[in-house]
1. Starting from the 7 Å offset along Cα-to-Cβ, what nm value, one decimal, do you get for the label separation of ARG298 and GLN122?
2. With +1 on each Lys and Arg Cβ and -1 on each Asp and Glu Cβ, how big is the dipole of the stretch 124-262 about its Cα centre, in debye rounded to the nearest 20?
3. Which cross-chain or sequence-distant (5 or more) residues have an amide H under 5 Å from the amide H of ALA150, H modelled 1.01 Å from N in plane?
4. Separation between the GLU44 and ARG159 pseudo-spin-labels, each 7 Å from Cα along Cα→Cβ, expressed in nm?
5. Can you work out the FRET efficiency for the pair ILE36 and SER279, with r the C-beta to C-beta distance and R0 = 35 Å, to the nearest 0.05?
6. Each label point is 7 Å from the Cα along the Cα-to-Cβ direction; what then is the distance between the points at ALA108 and ALA75, in nm?
7. Among GLY274, GLY56, GLY244, whose mean-square fluctuation peaks in a Gaussian network model of the chain (Cα, cutoff 10 Å)?
8. For GLU259, GLU44, what ranking results if the residue with the fewest other Cβ atoms within 10 Å of its Cβ goes first?
Amino acid sequence: MASTLFTQNIIACVWDFDKTLIPAYMQAPLFRRYGIDEATFWAETNALAENYRKRGYNISPEISYLNHLLTYVIAGKMAGLNNKILRECGQEIGLYPGLPGFFASSRAWVKAKPEYAKHEIQLEHYVVSTGLAEMIRGSALAPHIDAIWACEFIENPLRPGFLKQKEMTLDAAAEIAQIGVMIDNTTKTRAIFEINKGTNRNPAIDVNAKVTPEDRRIPLQNMIYIADGPSDVPSFSVVKKGGGRTYAVYNPAVRAEFEQNDRLRQTGRIDHYGPADYSENSATTHWLHLQIEKMCDRIVSDREAAVATRMTRPPRHLSSTPEEEAVRKAGKSPKQISFLE
């Protein structure tokens, strides 16, 4: 007998990283380690596309900073940079107030009520970032994250003829040399659909395969997407159109970020916005708590309604006639009554 692939009792918080969970760009510790001026690096990165265009080359702006990091490695300014160093630098990433505690406490919300526990509702946290996956894995948030989508580098790339070699040699000093994964603001939406369809949990499900709504692991209406600004508009749009909730955060010390989020709400891009403060009594925590509970209540209601509509009533005794009821109370059989009368 056919059955659905998933029970759809999971809620997902999908997070951007830079300026959403942390106040600045995650690469700052990396630049400090190598003595690189951060402002200069980003100024050069932003100017790459135009300068290459003048030389007759086209370059995607989204891939520029990854290429420029590799150029710094080749030029010797970041000699020896590898994934181990990236993860070590991730340990120095500072977090917004309330983190990482918020991730643990929020999971407890979906277990707080007996009806939520009865339906085994769970909350999962995912990070989808244009930043560096290894740095996120090194951060204090890593143990609390269910999966990460972010950019990755390859060390010691395979050389021509590697298929004919019986043994592969690895250089002792690993160094990043190629881009392995590139996530930009558009491909973030692919990650959302991988979470939605359950591709990350079941590799047999291709993200491009047609999957009916009832067979998707986490329906879009069970998602909350949290990010900091306009670059996340494609992801905001996908989640919001699918019935999920969208929330933008801003640094309370930067008025421009507040104004930016206000414009996003006015144009209908997001449902709400608030300060990037995840402490227990912050406005952001209260809003997220409320939305998660509403999703839990809807899941309970939908699942119990499904049981009620699919369940057949058990057989029961038919109602007795008044005469039969009188016989029952008299303790005599119907035949005895008829004979006596």
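All of the numbers you see were taken from the coordinates with simple rules; none came from a lab. Here the structure is a predicted model, which is why all the values come from computation and not from measurement. In this analysis, Cβ positions are derived from the backbone assuming ideal geometry, glycine residues included, and neighbour counts consider all displayed protein chains.
1. 2.1 nm
2. Numbers: 15 positive and 18 negative charges, 109 e Å.
Computed charge dipole of the stretch 124-262: roughly 520 debye.
3. SER129
4. 2.8 nm
5. Working: r = 33 Å, r/R0 = 0.94.
Computed FRET efficiency for ILE36 and SER279: 0.60.
6. 5.0 nm
7. Evaluated over the chain, the most mobile residue of the options is GLY56.
8. Working: GLU259 11, GLU44 16.
Result, fewest neighbours first: GLU259, GLU44.
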